[in-house]
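The values are calculated or read from the model by the stated rules, or taken from the named source; none is laboratory data. In this text, all values refer to a predicted model and were calculated from it rather than measured experimentally. Glycine also receives a Cβ, built like all others from the backbone with ideal geometry; neighbour counts cover every protein chain displayed. Side chains are part of the model used for accessible areas, which takes the heavy atoms of the whole protein and leaves out ligands, DNA and RNA. Shrake-Rupley method; radii C 1.70, N 1.55, O 1.52, S 1.80 Å.
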Amino acid sequence: MRRSVGGGLAALFFCWAVLCAALGIAPRAAWAGAAVIGDVGPQTVGTQLASGLTVVARKSGAAPLAALEFWVRCPANGYDGMQPGIARLAAFALADHKPPVGPSLRDAVRAAGGRLGISVYPEATQFSVVAPAYDMSNLLSALLGAVLHPAIDQASFESGRTRLAAVQVAAEEGVDQVLRDALFAQLFSAGPLHDSTYGNPISLRAMTLNAVAGFTTTAYVPGNEIVVVTGAIDPASVSQRVAQFGMPSGGRVPAMPASPQNQQAAAPRALHPLATGVTGIALGWTGPPISDERAATAMDFWSDYLTDPDSGVLVRAVRTADDGAAFSGQFITLRNPGVFFVAVSGQRLDTTAMAGVLRAAVANSVGHRMSDAQFVQARDAFVTHLLRTMQTDEALADNYGWYFAQGALSYSPSATGPDLSGDYFARVASLTPDYVLSVAKRYLMAAPSVVILPAGDQSSRGVSQ
Amino acid sequence: MNCFRDAGPRARPALIALLAGALLWLPGAASGAAPLPPFAGAVQERLPNGVIIASQASGDLPLVGAQIFVPAGLAQQPAGKAGVAAIAAQVVLQTPVEGAATLQDSVRQAGGSITYTLDPLDTRFYLECRAGDFPHLVHDLRLALGHPDLSRVAAVRETTLTQATNAAQNPLEATYLMVRQVNYSGTGFAFPDEGDPLTVARILPSDVAAFAAGYQHANGTIVAIVGLVTPAALDAVRREFGTFTPEPAPPAPSPAAIARLHQVVAHRQVPAPWVAIAYQAPNQYSTDFAAMLVIEALLGSGGDIHAFTFTSDTPLPDDYVGAYYQYEAQPGSMIVFMGGESANLDQSVRDLETGIARLRGENLSPQLIEEGKKLALGAYYLSADTLRDQAWLLGRSAASPQGITFENLVPQRILAVSAADIQRVARRYLTRETIAIVLPRQESQ
């Protein structure tokens, strides 16, 4: 441990908790009914409250900032799979809801000079607040008030609808988003991973206040949720503060609807052209589930090797073929299966030729074993890339939230420190050239799902996917 | 790995507080009741040759970020050589340092990044990497700074020429440049960051060598290092930069004073007009800086100081609405950008002028000032959430008359701003406007 945290009883508790964790003892939390959870990083307190709510608080960074995040596992298209966009509308409405006393969450954050972010993923919704640390206490209350006792009235429902309509328009114009959504729709035949988290104008029109309120009642239960606080904070006192916030009663944790894989996913699918005239192509492969941590880590490594913006093998191949093309790609760790995707777009992109370039580069990469020296260099670069993406308080919190949502909190890359401790980096250290190649071959030699965004003629433009 | 964060539509700031009237809840440390927490402790030292090293440790992860400020920026570009700063900095990145591997290659192979940013009064090289890699990579950077490979000038010049041509089509870049041409006449900062296509084409290796000689002056060079700062990292910085020549860099030229209102018009291939209204403003080390930050917040900041800086890895914005405070130049500029869509620009300009008149007036409510201070404080702290920005702020602090304590003094000064300060600063600076307008090009043009 490099630094002590806070003073007085809080520091004593923290040191005690860390000592117990180091000795493999499961200590009893300092407040009734709370249990300390496994190792989630240095200067970090991780607890699960009696209500089922998980809390992670970590002291980090040099700036007097704090990141407050709340994640809830929930299907973005509703529990019946018939309401694409409902999780996003619910989140917008909760952020805009004005409680009897004080401002809405959105207004509270703005007035504090902070930043509110709402991100909705197929199987989780995230609220993120970044603000000066001196306002952490007030904003934590505002955040918890909005999400632990979710309330939506007609005004906040209407506000959420308006916001959702606006982001739907923006999402339709983003070629990357369009390609990614279409690829997931191709890979999964139903369930939350099948539908765009933005929904569509038809589903938006059909949403009612009752449906959205019902969705939050079902989804926003403590056993589904995590609060993460990082930054210039005292982890023990923050955790205690969350514990002391008026908790709702437990509530039944609903099952996440399944997202079955599409058995005909390999057949290429052409989308309607975009009004912008941009063309593109996306390829996707299913990968290991998060439960196979070593294989998932190997795919992360392989993904970095292929898609790093500066040095990725695929990036270089795409640039050589078309210097003006935009590239994105990533392995996304999911419960089962994970997904590796790449997308390329551009104003005059030859999608057929680009598909060949991508397939050839992927095939070539899995066609030979790296030398030991190449592997060590690539693995070191991968670790550095990953650490650099986690350097802010918010990014650390993001990774705790994401892995909680996938049911593997202690596997989060954030659960590490300057010595690269923790489950994730232990998995990285265990990788070998033979193993990563075997994982890459297992998943990337299968035929990918393909979606194509063609140029189309002018008359057909304006009809988006 | 984590999934991608939602992008969503970007919020367009408006002239919020001045025009809104009604105020929101003001939480927490708002009125200065709670003490402002400081940044992590920092240390500053000056090497015998004059190089300043500032360090701030935060060892969450084994990463280091270092900003190396060298006293050769846009303003120091000689007349007729606009673009030489960009070319020289890019040549440094392209200089071989380990066999055939360039500095950029060498850093990328380690998973790190090396970039440059052109500021009005200096060039900043930013190195981010694992703590264990830092000593050898900072050595590579020092090699490249000392011996930039001039054989790369021709290729880099071609790339810069393309950038300069493209930038000239960007309406925001055009309005910002028109403001700079007026406010910084007589200095290299009056010209485009990438240079003018005409001047770039004439830049020779000898011009680059002459400009890059400015990278070697110890006085004016600052190395600001944050993250997992180890003794080995500090030793490496001392060793590498302790050999810089102690002679001070030549002083940057001063721009001509502005004595009258200016209006400049240009035409571009854009669907709707853009307008930038600019005023001279205090620079970051002025006693009026904090009050001007609050004014910027009240006007509705559209982004931070880095929004328009020319870096090797970030494109210029193609959409920016709101106030932009350029306080790294001497003097600074407060610029309000409007337009880019079918908004009523005349009305927006009138609203801005009304708002500024109100700032100069007598009746600023305490609530309005409090809201502005909260927003300014938030913007200040949130501007330092990455290693890159923390190192930037630390370096700027080290260069201030107060040294590294500066980064903690600014929030205190923001908190102390009064209505009288706002009025005084508004009356002093927000008077002589420069208006830059980009209009859609007509078919005949």
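The Cα center of the range A:27-102 and the Cα center of the range A:396-435 differ in position by 19 Å. The Kirkwood hydrodynamic radius of chain B, based on inverse pair distances between different Cα atoms, is 22.8 Å. Each of B:A100 and A:R442 was given a label point 7 Å from its Cα along the Cα-to-Cβ line. The distance between the two points is 3.8 nm. Applying 1/(1 + (r/R0)^6) with R0 = 60 Å to the Cβ-Cβ distance of A:A50 and B:L409 gives a FRET efficiency near 0.85. Taking every full run of DSSP H in chain A, the ones that stretch at least 24 Å from end to end by Cα along their long axis and average -1.0 or higher on the Kyte-Doolittle scale are A:154-173, A:372-389. Between B:Q423, B:L439, B:S397, the Cα set farthest toward the positive side of the dipole of the range B:368-445 (charges on each charged residue's Cβ, about the Cα centre) is that of B:Q423. The charge dipole of chain B, taken about the Cα centre with unit charges on the Cβ atoms of Lys, Arg (+1) and Asp, Glu (-1), comes to about 740 debye, rounded to the nearest 20. Size estimate for the range A:23-244 follows the Kirkwood approach: the inverse of mean 1/r over distinct Cα pairs works out to 18.2 Å. The fraction of Cα-Cα pairs per 10 angstrom bin, counted from 0 for the range A:206-338, comes to 9, 20, 26, 27, 15, 3 percent, rounded to whole percents. What whole-number value in cubic angstrom gives the convex hull volume per residue for the C-alpha atoms of chain A? Enclosed volume per residue, from the Cα hull, is 146 Å³. Pairwise Cα distances in the range B:43-241 exceed 25 Å in 38 percent of cases. Summing both sides, the accessible surface hidden between B and A at a 1.4 Å probe radius is close to 5100 Å². Angle of helix B:231-241 to the longest C-alpha principal axis of chain B, folded into 0 to 90 degrees and rounded to 10: 90°. Kirkwood Rh over Cα pairs of the range A:269-453 into Stokes-Einstein at 10 °C, 1.306 mPa s: D in µm²/s? Stokes-Einstein gives a translational diffusion coefficient of 92 µm²/s. If you run the Gaussian network model on chain B, springs between alpha carbon atoms under 10 Å, then out of B:S151, B:S333, B:S397 the most flexible one is B:S151. Which shape class, rounded, prolate or oblate, goes with the protein assembly as shown when its Cα gyration tensor gives a ≥ b ≥ c as root eigenvalues, a/c under 1.5 marks rounded, and past that a/b bigger than b/c marks prolate? Rounded is the answer for the protein assembly as shown, as its axis ratio a/c remains below 1.5.
The trypsin sites (Lys or Arg not before Pro) of the range A:232-318 meeting both criteria, a DSSP state outside H, G, I, E and B (loop) and at most 14 other C-beta atoms within 10 angstrom of the site's C-beta, are A:R252. For the range A:248-321, the spread of Cα coordinates along the three principal axes comes to 56, 35, 31 Å, biggest extent given first. When the trypsin sites (Lys or Arg not before Pro) in the range B:186-252 are filtered for DSSP coil states and for at most 16 other beta-carbon atoms within 10 Å of their beta-carbon, the remaining sites are B:R202. For A:C74, the residues whose amide H sits under 5 Å from its own are A:A124, A:T125, ignoring neighbours fewer than 5 places away on the same chain, with H placed 1.01 Å from N. If R0 is 41 Å, what FRET efficiency do you get for A:A155 and B:A357 from their C-beta distance, rounded to 0.05? Between A:A155 and B:A357 the formula returns 0.75.
Among A:V318, A:Q330, A:L271, which residue has its Cα positioned farthest towards the positive end of the charge dipole of the range A:269-453, with +1 placed on the Cβ of Lys and Arg, -1 on the Cβ of Asp and Glu, and the dipole taken about the Cα centre? Checked the options; the winner is A:L271.
Taking DSSP loops as anything outside H, G, I, E and B, show the longest stretch in chain B free of GluC sites (Glu not before Pro) there with at most 11 other beta carbons within 10 Å. Result, exposed sites excluded: B:1-361.
The magnitude of the dipole of the range B:43-241, with charges of +1 and -1 set on the Cβ of Lys/Arg and Asp/Glu and taken from the Cα centre, is near 280 debye. B:V182 sits among other residues whose Cβ lies under 14 Å from its own Cβ, and their net charge, with Lys and Arg +1 and Asp and Glu -1, is +2. Of the solvent-accessible surface of the protein assembly as shown, computed with a 1.4 Å probe and all protein chains present, 55% belongs to carbon and sulfur. Could you pull out every one of the lysines with an alpha carbon less than 29 Å from that of B:K374, ignoring same-chain neighbours closer than 8 positions? Counting by Cα, and skipping residues close in sequence, B:K374 has these lysines nearby: A:K59, A:K98. Between the beta carbons of A:V253 and B:T243, assuming R0 = 45 Å, the FRET efficiency works out to 0.10 to the nearest 0.05. Residues whose amide H comes within less than 5 Å of that of B:T102, counting only those at least five positions distant or on another chain, are B:V97 (H built at 1.01 Å from N in the peptide plane). Rounded, prolate or oblate: pick one for the range B:344-445, where a ≥ b ≥ c are the square roots of the eigenvalues of its C-alpha gyration tensor, a/c under 1.5 means rounded, and failing that, prolate if a/b is larger than b/c, else oblate. It is oblate, given that a/c is not under 1.5 and a/b is not larger than b/c. Under 13 Å from a label point set 7 Å out along the Cα-to-Cβ vector of B:A272, the amide N atoms of the range B:413-445 belong to B:440.
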